[in-house]
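To start, the structure under review is shown below, and the notes come after it.
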Amino acid sequence: MAQDTTVPKLNFEYWLDKAIEWGQATTLESQKDVCLHLPQLQEFLHQLYETIKHLGPTVAIQQFPLIGQLLGRLCWNPFVIGYDESQKTLMWCLCCLYSSEPQNAVELKANSWIRSLLCHLLSSSKWESNEAETSTFISALGYTSADYYSHLVKNMVVSLVTELRENQFNGLNIQESISASRVNAVSIFCVPLITLPDLTPLLETLLLYHGGSSKEILSSEFLEAVNEAFLKKKISLPESAVFSLWLRHLPSLEKATLHLLDQLFSIQLNSLEEVARVIKDSLLPQAASHPAIFRIVNEIFKNVLMETDGTSEVMTVIQVFTQLFLQAHQNENKQHKFPLKAYFPYHHQPLVRGLVRRPFELPTTYWSPHVKHISDMLKALVEDTNASSLTDLFEIWFLVACFGEWLDIAAEQLLKAAVEPDPVLWLLAFYYCPKNENQQRTQTVVEAQAVYNHLMMLFNCADLSLKDLEAAVHRVTGIEQRFTTHLLTNFLLFSAGGHKIAQECIYHITEITDTSKEVYNLLIRTAYRFNHSGEENQRTVKLLNELLQKLTLKI
């Protein structure tokens, strides 16, 4: 009953007649009449909006069957939309008529009409090409066309942002809250205008807006369009808005992750510093501070790794991403920091804690005991009969592989420090041969031990030739190639006489085993760590750079 008594007060028919009479205000007489009625018209539009904003599209059209005709005509009148807040009110009225879940062809057609009308309200090209009178009107206001539309967009954005933010703070007041369908309509209206710089505050506000509904209130077209524009660097958004986008729209997060991988594999990256820069610029490591984002990105990496059969390029990218994630997590405010278990809920927590310790956090004298501790925990898990399925083994292996920095250090410690070799060799054997049964892995360790013993006999020899390493090189083609190639490469880098024959030997190894990419990725990881820790001498760094240049040409 309350709604029925409101309808006559709005004098709807009077303003519809006026809108028909005015048309697009092309005559001097109609322009004068429009200007005389603008204050009253704005008041009417405000009352109309207040009346329909809680009705929903269906009820609103039942109350005012000709509302579409009225709003449509007013939207094409430049004097009406140029007056004070009339344009904003017209937009809000149109949003009230938008069906967020259209049920039939009529509602679909109405939605399409509303979208085109909303786009028209901020489309200068349409106005300028279709309405010569508009330019005259703008000039009379003392603006150029560009200035006028720029001010128009800014004012509209400010009004919409203010209303959305006020509603966000007033979310518990149901009578005053903005309906989900109207917020949905605003998001759709933004789609064709997303790359306008002046629209950025509205994009940010929408992405951070959360109504009372359990369903997503922003249109998927809007979320996809924002993500696409962000990935192509057509727009710049605050980190909080980007993180909110990926949290509320899984397809956008998946696309961002795959876009990053495509970007990394489509260009020649000569250093891990460059890889780290590209990954960091993507904002994914920072966004991964939220456990939900981290677990989804990790799952995507896992699938890509399986599809590519564990290539060293993919593994290196995952390891750098994990390092950058740990940096972002450590930099988080303690009040907002999630516990490690939130990121690795199904893994053995002592092993997780051991792996997330960055090497630079420990004195170098502690590295060997720490590697042994990791190996002992890992061996207990892998050889546990309750965790013997391939799925369980893969999950454990992937966790260790993500923290590959410790694997590289383990291989170095074998040669550079007085360590007990068995636990380190077992750790590397598991990493390089995860599918092996316990007995097979034991045999791999025995064969690797023979290579290791041979290399240690030669480690302090200052004068070496390729012939001295023939036995070790021959074994590369026997057991897992990447495993022994890793040991041999480290020997060439760190032994007394390895530098002299490094280029010749690595060329020979990569020729007979086709492990150029594996060696290349090992070298750039080593160079990256040295550059950030300063732990090695300049001679080794120089050799690394020379080897990388040679291998870059080869791969």
Residue pairs meeting the criteria (Cβ under 9 Å; at least 6 apart or on separate chains; first farther than 21 Å from Glu13 by Cα and modelled with pLDDT under 80, in the stretch 73-90; second of a type in the set (Phe, Trp, Tyr) and in a helix (DSSP H, G or I)): Gly82/Phe137; Gly82/Tyr148
Criterion (assigned by the TED database to the domain that holds Leu355, open to solvent by 60 Å² or more (accessible area, probe 1.4 Å) and without any contact (Cβ under 8 Å) to a residue 60 or more places away in the chain) met by exactly one of Gln449, Gln443: Gln443
Inter-residue pairs, beta-carbon under 8 Å, first under 14 Å from Ile114 (Cα atoms) and assigned to a helix (DSSP H, G or I) and in the stretch 57-71, second open to solvent by 50 Å² or more (accessible area, probe 1.4 Å) and not basic (Lys, Arg), 6+ apart: Ile67/Ile61; Gly68/Ile61; Gly68/Trp113
Which numbered condition Leu547 misses (of (1) open to solvent by 10 Å² or more (accessible area, probe 1.4 Å); (2) at pLDDT 80 or above; (3) not basic (Lys, Arg)): (1)
Some residue of the stretch 12-22 being among the aromatic types (Phe, Trp, Tyr), out of contact with any helix residue (DSSP H, G or I) (no Cβ under 7 Å at 6 or more places or on another chain) and either at negative phi or at pLDDT below 85 (or both): yes
Neighbours by Cβ (under 6 Å, 6+ apart or cross-chain): first from the stretch 493-505, closer than 18 Å to Leu522 by Cα and acidic (Asp, Glu); second surrounded by fewer than 19 Cβ atoms within 10 Å (Cβ to Cβ) and modelled with pLDDT under 85: Glu504/Leu466
Lone unmet requirement of (1) surrounded by fewer than 17 Cβ atoms within 10 Å (Cβ to Cβ); (2) under 41 Å from the mean Cα position of the chain (by Cα); (3) closer than 27 Å to Ile501 by Cβ for Ala429: (1)
Qualifying residues in the stretch 279-300 (those that are within 21 Å of Lys233 (Cα to Cα) and not hydrophobic (A, V, I, L, M, F, W, C)) - the one most open to solvent (accessible area, probe 1.4 Å): Lys280
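The values are calculated or read from the model by the stated rules, or taken from the named source; none is laboratory data. None of these values were measured; they are calculated from a predicted model. Reconstructed Cβ throughout: ideal geometry from the backbone, glycine too, with neighbour counts over all protein chains shown. Just so you know, the surface numbers come from the protein's heavy atoms only, side chains and all, with ligands and any DNA or RNA stripped out. Shrake-Rupley method; radii C 1.70, N 1.55, O 1.52, S 1.80 Å.
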